[in-house]
1. Once the other residues with Cβ under 12 Å from the Cβ of Gln258 are scored (Lys, Arg +1; Asp, Glu -1), what is the net sum?
2. How would you rank 195-205, 66-76, highest first, on the average number of other Cβ atoms within 10 Å across their residues?
3. Among 260-271, 85-96, what's the highest-first ranking by average C-beta atoms within 10 angstrom per residue?
4. Given labels modelled 7 Å from the Cα in the Cβ direction, how far is it in nm from Thr227 to Ala175?
5. Mind ranking 30-38, 42-50, 206-214 by how tightly packed they are, going by the mean number of other C-beta atoms within 10 angstrom, highest first?
6. Could you tell me how far the Cα centroid of segment 17-92 sits from the Cα centroid of segment 121-140, in Å?
7. Which number comes out as Rg/Rh for segment 80-165 once both Rg and the Kirkwood Rh are worked out on C-alpha atoms?
8. Hey, what's the per residue convex hull volume over the C-alpha atoms of segment 112-219, in cubic angstrom?
Amino acid sequence: VGVLSVFSLGFAVNRAEASSYLYGASPYSVFVQNYFSFGGPDSVGAVAAGGNITLGASASVASGYSLGAFPNPALVAGGALSCPNQCEVNGNIYAGSESGTIYDNTTGFKNAIGGPDPIDFSDTFTQLKGLSTWLTGLGTTSGDGCTFAFTTLTCTAAASGLNVIDIPATGTVNAALLGTANLAFDISPGATLVIDVAGVSGSLGSPGRGFSVTDKQKLLFNYSSPTTLITLGGTVDGSLLAPWANVSTGSGLSGGGQFTGNLIAQSYSGSGLEFENDLFNGDVPEPGTFAMLGGGVTMLLAALLMRRRLVAKLIDSRATHGRSPKS
């Protein structure tokens, strides 16, 4: 109990301190630990992958930046960069190797082959997984919640600073969020909203659904399940923290979809989705929190989260059989 109190106190303090956003992933529209296979049309922001990157016909990266404006490599491939057709990168490139035609209508941009990877993906994902687990353990902020009426799911964040809303693995709210209902996120001025989604698979966004949010840069969807598979489609105005997940674009999306914030995952594959550059800038713990305390804390938090879920299941089971939760 004493140890838990110390950790709880430490994280409570950091919850109110200055934002760190999403650690080393913050400046990248797409940040994946393994591969990025993208058929286009383009990523307005920068892209980084710890493994291979394959760009489809006429796909472009960092198209929203003026040439040379992004301070780091605009595209980082820890493995091989492949452009089977013609692709365009609006800035410096780092790749373990390159193949295909990479187009750039300026001079002065150099493609770095080999050498030290400019990003430590392992260390950054340790931080991101710790953050995801910690956010899941917070539970729903008092006064916040989601309601479903007619065809719209509305989620409200009323408190200043960090707000969290837990979405259960089953039920009306889960079905509305991961289905075809219109989505509305009412985030009060000065608030950040984290939508914590339970479950091991699901979809986020679908073609034709309504999606409104008062401040897209303050909305973060968090998937902390180690086996999550996520399908994207339509419009998602917010960011996605899914450091264990493989993400793909759903079938039937023909160039009409967009994802506006940071996408953080194990991998991404698909086409027809445009990645915008409205990056997350909400309230999250300071950068040193998880790295300073080490990976052991991440493991402890994961164990505590598992215990919390097991206790909840036990209570549900006893209630189902007509027994008191304390019996």
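Nothing in this text is a laboratory measurement; each read-out follows from the coordinates by a stated rule. On a predicted model such as this, the values are computed, not experimentally measured, just so you know. Reconstructed Cβ throughout: ideal geometry from the backbone, glycine too, with neighbour counts over all protein chains shown.
1. Within the 12 Å Cβ shell, the charges total -4.
2. 195-205, 66-76
3. Per-residue Cβ counts within 10 Å, averaged per peptide and sorted highest first, yield 260-271, 85-96.
4. For the pair Thr227/Ala175, the computed spacing is 2.4 nm.
5. 42-50, 30-38, 206-214
6. The distance from the Cα centre of segment 121-140 to that of segment 17-92 comes to 22 Å.
7. That ratio equals 1.24.
8. In segment 112-219, the Cα convex hull volume per residue is 157 Å³.
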